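Trainee: Below are the structure tokens for one structure; questions will follow.
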Amino acid sequence: MAEARRVLIVGAGPAGVAAAAVLAAHRQRPFLIDEGHAPGGQVYRRASAPVALDIKALFGSQVGKYERLHATFAGLAGSVEHRPRTLAWAVHERAVHTLAEGKAEVHPYDALILATGATDRLLPVPGWTLPGAYALGGAQTLLKDQGCLIGRRVVFCGSSPLLHLVALQYQAAGGEVAAVVDTTTTGAKLAAAPVLAANGFATLLRGLSYMAALRCKGVRIHHGTRLVAIEGETHVTGLRFRDRRGNEHRVEADAVAIGFGLRAETQLAELGGARLRYDSVFRQWLPDVDADGRCAPGLYAAGDGCAIGGADAAEESGQLAAYAALADLGIAAPNARMARLRAHVARLRRFQRGLAKAFDWPHSWPMDMPDQVILCRCENVTLGEVRATLREDIPPADVNRAKAFTRCGMGRCQGRFCGLALGELMAAETGTAHERTGWLRAQAPVKPVPVSTAFPS
Amino acid sequence: MTTRLRTEVAIIGGGLMGSWTAYFLRRRGLSVALIDKGEIGAQSSGVNFGNLRLQGRHPGQIPLALRADAVWDRIVEHLGEACEFERGGHLYLAFDEAQMAKLGHMAEDMFRCGVPVKLLGAAGLRARWPWLGAGVAGASWSARDATANPRLVTPAVARAARRLGAEILSGTRVSAFAKDGERFRLATDRDLEIESDALVNTAGAWGPQIATVFGESAPVFAAGPPQFVTEPLPYFIGPSVQAADGRVIFRQVRRGNVVVAGYPRGASDPVANRAPVDPARTLAAMQSLVEAVPRLAGTSVIRVWSGIEGYLPDMLPVIGVSRTTRGLLHAFGFCGHGFQLGPGVGLTLAELLVDGGTSIPLSDFDIGRFAGEVAHDERLSREFDSASLAATGWSAAGKATLP
């Protein structure tokens with residue numbers, strides 16, 4: 001046998017675990033780096049606290065997939081080098097730089113599979129930085145990880161298929177759902193229905209069943225709304241919104257979960273040499289990959305970090321990326337199986353593109369929000385400050401210049417949560433195409449690294 | 001249809017040098033077009049550390065630096081905004097007696113040039129700045145040194161120049177040069193032709209490309225120091241601080257973040273327009289930072305960047321008139337210390353163009369100096385990694401040869 005190849009995977013969600021399983025089956029010993037304490041990623045997250053969570057109630061019809069992922073991973077014991085609680089903070093010259101327990105390490109690779117997933121896509125709304133206002137995914141993570149709810153009476157708002165699922169999960173866990181305030185219209189959902197039905201009929205039915213179950217339990221679901229403000233002085237007290245006729249409503253709540261779909265975590269791919277390309281449906285920059293996930297020499301991307309596609313697509317694209325890496329390392333990969341996976345992943349991603357239209361990102365909203373609303377919560381930069389820069393002589397031409405002039409996106413999160421809204425604001429205010437405002441270029445560290453970090457030995 | 005622009009002076013390179021030159025030329029009444037292939041102040045002018053340091057400069061640069069300093073003093077009058085300009089002072093830290101002795105010589109040089117620098121022993125130093133690490137043996141202190149925010153300064157200078165009537169042409173790449181009698185003719189990638197009486201080359205790391213067109217050259221090498229910034233902390237540092245051996249430089253901005261740069265510098269790529277930072281360098285600079293300020297060990301680094309700066313083997317810039325072409329001026333290759341000099345360079349180039357001469361001595365910066373043998377500065381081996389130096393093609397014998 002040839003010298004052992006170093007295959008690294010970043011992320012132990014469905015894409016990363018599936019990739020690890022394929023590599024292990026081909027007698028490779030992948031190195032699996034993950035920030036989490038246990039595999040599962042966001043979607044199949046395992047509770048970290050010793051809480052008695054009812055997994056069946058929480059995962060519903062998806063409990064089988066949850067159990068399968070964790071069983072798959074348990075079966076890999078001994079054939080995968082798992083590094084939990086480890087941050088991959090940089091990729092440079094074919095090596096991944098990690099940080100765990102205050103120590104930095106460098107891991108050179110022959111192949112690197114990035115399964116970095118996605119986070120909530122957020123949009124500035126008056127009051128969105130108040131205590132009690134959570135990202136939708138964050139609200140779900142608290143529940144899965146700690147068995148906690150973000151409040152006693154929660155309103156779910158934004159535009160995401162997850163709105164209804166998380167609302168149901170909160171209700172099953174004993175929370176009160178004040179309302180679901182969906183910003184997309186029923187018309188948009190109906191228009192997307194044929195694409196959804198053609199590419200994922202069962203998933204479509206499952207989504208509809210969530211809505212029906214919520215209605216059954218007496219939860220009000222509002223469609224086609226505009227969010228006016230998350231209210232409260234020191235903590236959330238409610239949400240104000242307009243219905244599609246323009247009438248204003250107020251919902252009392254002590255917490256708000258807000259989300260507008262997902263944004264891919266692409267920074268490591270960019271640092272590893274991937275080119276980013278603009279996706280006009282998701283209105284974000286994604287790694288430019290081939291059908292198997294290749295994006296640069298020795299670099300592969302899978303799952304939501306590469307193309308928003310959901311957990312099933314993540315799993316299968318993880319397998320594909322692993323086969324592609326094997327093939328490129330000169331290890332025969334099953335061609336027929338790869339062809340089937342490609343077709344299936346493509347179909348699942350078509351479904352997600354349909355979902356992106358059904359649950360449209362209201363990209364022009366930042367333009368309509370008042371000046372005093374905070375756009376960058378790390379650096380406390382308001383919409384008004386960015387607008388003032390755009391009106392100056394020699395205005396910024398792209399988001400990186402806007403960042404340089406205003407500090408928007410310069411803080412702890414490195415623009416991961418404000419960058420898309422910043423681009424949309426610039427595009428809408430100046431009448432340029434969103435694509436032309438660019439993306440905030442990635443630099444290491446992708447997440448903060450302590451100054452006291454010990455040197456690699 | 002191609003538009004023709006007729007101007008007295010065309011400036012190529014919309015960085016700090018080009019923008020200040022445009023500003024002062026307008027104040028002297030000449031018509032000016034400032035041309036940049038990208039954005040104004042986006043390269044090393046916009047991403048440098050932000051030091052406006054006087055102490056430790058090459059003595060031959062001090063007249064120019066003092067002239068610049070007088071402009072910085074009145075930055076609000078010139079630009080209408082302060083760009084976070086602040087006279088917080090600058091410390092060079094010595095970690096042993098040999099370094100302290102060097103600082104002593106430097107202080108004497110500075111005194112002769114009219115820049116007061118005070119030497120401080122360990123006790124006096126710690127009494128004033130008690131957060132300094134135990135390894136610091138002494139320091140030199142220049143109270144007059146300052147800092148400003150480089151992200152804001154160059155666009156502000158270009159705006160001020162535009163208010164005075166300068167033509168600012170960003171996103172414009174000059175694709176061909178010609179000199180036709182007394183006139184320069186520049187073709188661009190934008191259906192725009194520019195005709196000028198004088199041409200100023202302030203193109204930074206790209207400066208030699210323009211010089212070459214006119215039969216001149218300078219062995220510029222593009223590099224950048226790894227720079228990073230911590231999360232914001234309560235303000236406590238005050239001055240800008242630099243280890244005498246160059247391993248770390250830091251300052252705290254009023255917002256609270258500590259901005260850090262550390263050597264060795266690494267190569268950057270002016271063709272792909274990229275300046276990647278090796279994470280190992282970031283970690284090394286973090287360690288040096290904690291040695292200088294132990295209490296920063298508890299904070300986190302949130303962002304890293306570098307830039308594309310032009311360096312020359314003697315660590316001095318090219319400033320002055322062309323040796324081959326009447327009406328052509330150069331100012332590039334500032335070796336990572338041009339931020340402070342910017343307004344002085346702008347004033348001086350404006351004098352050269354309007355008055356035909358200047359009282360500022362420029363002979364050390366003549367582009368012709370590379371025709372013969374040029375000594376390597378001792379800082380090269382200290383402040384650059386060997387891999388990036390090897391990439392320069394400068395000979396190892398300590399003599400520069402033209403590429």
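Trainee: Identify all lysines with a Cα-Cα distance to residue B:118 below 22 Å; exclude those on the same chain that are fewer than 8 residues away in sequence.
Mentor: Filter leaves B:102.
Trainee: Could you give the length gained on full extension between residue A:433 and residue A:380, defined as 0.36 nm per residue of separation minus the Cα-Cα distance, in nm?
Mentor: Working: separation 53, 0.36 × 53 = 19.08 nm, distance 2.61 nm.
Working it through step by step, the gained length comes to 16.5 nm.
Trainee: Continuing with this model, one more query. What FRET efficiency comes out for residue B:163 versus residue B:73 if R0 is 22 angstrom and r is the Cβ-Cβ distance? Round to the nearest 0.05.
Mentor: Working: r = 21 Å, r/R0 = 0.93.
Calculated value: 0.60.
Trainee: For the pairs A:144/A:217; A:65/A:189; A:56/A:217; A:403/B:179; A:189/A:447; A:217/A:357, flag any whose C-alpha to C-alpha distance is greater than 29 Å. Let's see the in-between values first.
Mentor: Values: A:144/A:217 22 Å; A:65/A:189 27 Å; A:56/A:217 19 Å; A:403/B:179 40 Å; A:189/A:447 36 Å; A:217/A:357 27 Å.
In this structure, A:403/B:179; A:189/A:447 lie more than 29 Å apart at Cα.
Trainee: Given Cβ point charges of +1 (Lys, Arg) and -1 (Asp, Glu) and nothing else, what value in debye, to the nearest 20, does the dipole of chain A about its Cα centre take?
Mentor: Using Cβ point charges on Lys, Arg, Asp and Glu, chain A gives about 920 debye.
Trainee: For the pair residue B:235 and residue A:337, what calculated FRET efficiency results from E = 1/(1 + (r/R0)^6), where r is the Cβ-Cβ distance and R0 = 51 Å, to the nearest 0.05?
Mentor: Numbers: r = 60 Å, r/R0 = 1.18.
The calculated FRET efficiency here is 0.25.
Trainee: Just to be sure I understand the model, the point goes 7 Å from the Cα along the line to the Cβ. What's the resulting residue A:454 to residue B:355 distance in nm?
Mentor: Going from the residue A:454 label point to the residue B:355 one covers 6.2 nm.
Trainee: Take the stretch B:90-143, compute every pairwise Cα distance, and split them into 5 Å bins from 0; I just need the percent in each bin.
Mentor: Reading upward from the zero bin: 5, 23, 31, 23, 13, 5, 1.
Trainee: Across the stretch A:237-251, in residue order, what do the Karplus-derived ³J(HN,Hα) couplings come to in whole Hz, using 6.51 cos²θ - 1.76 cosθ + 1.60 with θ = phi - 60° and x for Gly and Pro?
Mentor: So the Karplus estimates, Gly and Pro as x, are 10, x, 10, 9, 8, 10, 7, 6, 8, x, 7, 8, 10, 10, 10 Hz.
Trainee: Sticking with this one: Exposure proxy check: B:169, B:34 ranked by fewest other beta carbons within 10 Å? Let's see the in-between values first.
Mentor: Working: B:169 22, B:34 32.
Lowest to highest Cβ neighbour count: B:169, B:34.
Trainee: Antiparallel versus total DSSP beta bridges in the protein assembly as shown: what percent is that, nearest 5? Don't skip to the answer; put the middle values down first.
Mentor: Working: 80 of 135 bridges.
That works out to approximately 60 percent antiparallel.
Trainee: Given charges of +1 on the Cβ of Lys and Arg and -1 on the Cβ of Asp and Glu, with all other atoms neutral, how large is the dipole of the stretch B:276-403 about its Cα centre, in debye to the nearest 20?
Mentor: Numbers: 9 positive and 13 negative charges, 47 e Å.
The dipole of the stretch B:276-403 has a size of about 220 debye.
Trainee: Angle between the Cα long axis of helix A:162-172 and the longest principal axis of chain A, 0 to 90 degrees, nearest 10?
Mentor: 90
Trainee: If you place +1 on the Cβ of every Lys and Arg, -1 on the Cβ of every Asp and Glu, and leave all else neutral, what size is the dipole of the protein assembly as shown about its Cα centre, to the nearest 20 Debye? It would help to have the intermediate numbers written out before the result.
Mentor: Details: 93 positive and 81 negative charges, 400 e Å.
In debye, rounded to 20, the protein assembly as shown gives about 1920.
Trainee: Here is a further query. Which whole-percent values make up P(r) of the protein assembly as shown when all C-alpha to C-alpha distances are grouped in 20 Å steps starting at zero?
Mentor: Using 20 Å bins, I get a P(r) of 14, 42, 33, 11, 0 for the protein assembly as shown.
Trainee: Return, ordered by residue number, the residues of the stretch A:166-194 whose backbone nitrogen is under 20 Å from a label point located 7 Å along Cα→Cβ of residue A:243.
Mentor: Those under the cut-off are A:177-190.
Trainee: Continuing with the same structure: If you plug each phi of the stretch A:29-39 into the Karplus form 6.51 cos²θ - 1.76 cosθ + 1.60 with θ = phi - 60°, what whole-Hz ³J(HN,Hα) values come out, in order, with x for Gly and Pro?
Mentor: With the stated coefficients, the stretch A:29-39 comes to 10, x, 9, 10, 9, 8, 6, x, 7, 9, x Hz.
Trainee: Using the Cβ atoms and a cut-off under 13 Å, what net charge is assigned to the surroundings of residue A:49, where Lys and Arg are +1 and Asp and Glu are -1? Walk me through the intermediate numbers first.
Mentor: On the way: positive: A:45, A:46, A:144; negative: A:145.
Net local charge, residue A:49 excluded: +2.
Trainee: Let me ask another. Once phi is turned into θ = phi - 60°, what whole-Hz ³J(HN,Hα) does the Karplus curve with 6.51, -1.76 and 1.60 give for every residue of the stretch A:264-279, x standing for Gly and Pro?
Mentor: Coupling constants for the stretch A:264-279: 6, 8, 10, 4, 5, 4, 5, 5, x, x, 6, 8, 9, 10, 7, 9 Hz.
Trainee: Can you list residues from other chains, or at least 5 along the same chain, whose modelled amide H is less than 5 Å from the amide H of residue B:248?
Mentor: When sequence neighbours closer than 5 places are left aside, the close amide H contacts are B:243, B:263.
Trainee: Would you mind checking the tilt of helix B:62-73 against the longest principal axis of the Cα atoms of chain B, expressed as 0 to 90 degrees and rounded to 10?
Mentor: 90
Trainee: Going by alpha carbons, how many degrees (0 to 90, nearest 10) lie between the helix axis of A:186-216 and the longest principal axis of chain A?
Mentor: Approximately 70 degrees, to the nearest 10.
Trainee: Using modelled backbone amide H atoms (1.01 Å from N, in-plane), which distant-in-sequence or interchain residues come within less than 5 Å of residue A:83's amide H?
Mentor: A:32, A:33, A:34
Trainee: Further question: Of the candidates B:145, B:69, B:96, which one comes out as most mobile in a Gaussian network treatment of chain B with C-alpha springs shorter than 10 Å?
Mentor: In the Gaussian network model the winner is B:96.
Read-outs: derived from the displayed coordinates by stated rules, not from any lab. Source: prediction; values computed, not measured. As a convention, Cβ positions derive from the backbone with ideal geometry for all residues, glycine included, and neighbour counts pool all protein chains shown.
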